[in-house]
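Have a look at the structure below, then the notes.
The values are calculated or read from the model by the stated rules, or taken from the named source; none is laboratory data. Computed from a predicted model, the values in this text were never measured in an experiment. No Cβ is skipped: glycine too gets one built from the backbone with ideal geometry, and neighbour counts run over all protein chains shown.
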Amino acid sequence: MPIVSHEMIEDYDELEREVDSLKTVMAVVSGDLRRLASELHTEDSDVVYDNLLDYARHLENAAGIRR
């Protein structure tokens, strides 16, 4: 059985947490996009535009991107 260092295990655990976080963000974004798709037929273009900007900001925040 191969020996795995504690550092490698910790790195894997951190990577696993990051992947879980990304999955959570993607679930939220998926819901946001579905909501936006339904709004395209019922809201005016200004409302849809504002919502798109909100969704983009949400993605940027989740990804740690600062503008």
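Give the residue that is farthest from Val19 (Cα to Cα), with candidates limited to residues of segment 39-67 that are polar (S, T, N, Q) and surrounded by 10 or more Cβ atoms within 10 Å (Cβ to Cβ).
From segment 39-67, those polar (S, T, N, Q) are 42, 45, 51, 61; that's our starting set.
With the extra rule that they be surrounded by 10 or more Cβ atoms within 10 Å (Cβ to Cβ), the set shrinks to 51, 61.
Details: Asn51: 26, Asn61: 16 Å.
Filtering segment 39-67 for residues that are polar (S, T, N, Q) and surrounded by 10 or more Cβ atoms within 10 Å (Cβ to Cβ), the one farthest from Val19 (Cα to Cα) comes out as Asn51.
Any residue in segment 50-62 that is closer than 17 Å to Met26 by Cβ sitting within a Cβ distance under 6 Å of a residue that is among the charged types (D, E, K, R) and in a helix (DSSP H, G or I)? List the pairs, counting only those 6 or more apart or interchain.
Taking only residues 6 or more apart or on different chains, the pairs are Tyr55/Asp32.
Looking at (1) under 25 Å from Ile65 (Cα atoms); (2) at pLDDT 85 or above; (3) not charged (D, E, K, R), which one does Met8 not meet, given that it meets all the others?
(1)
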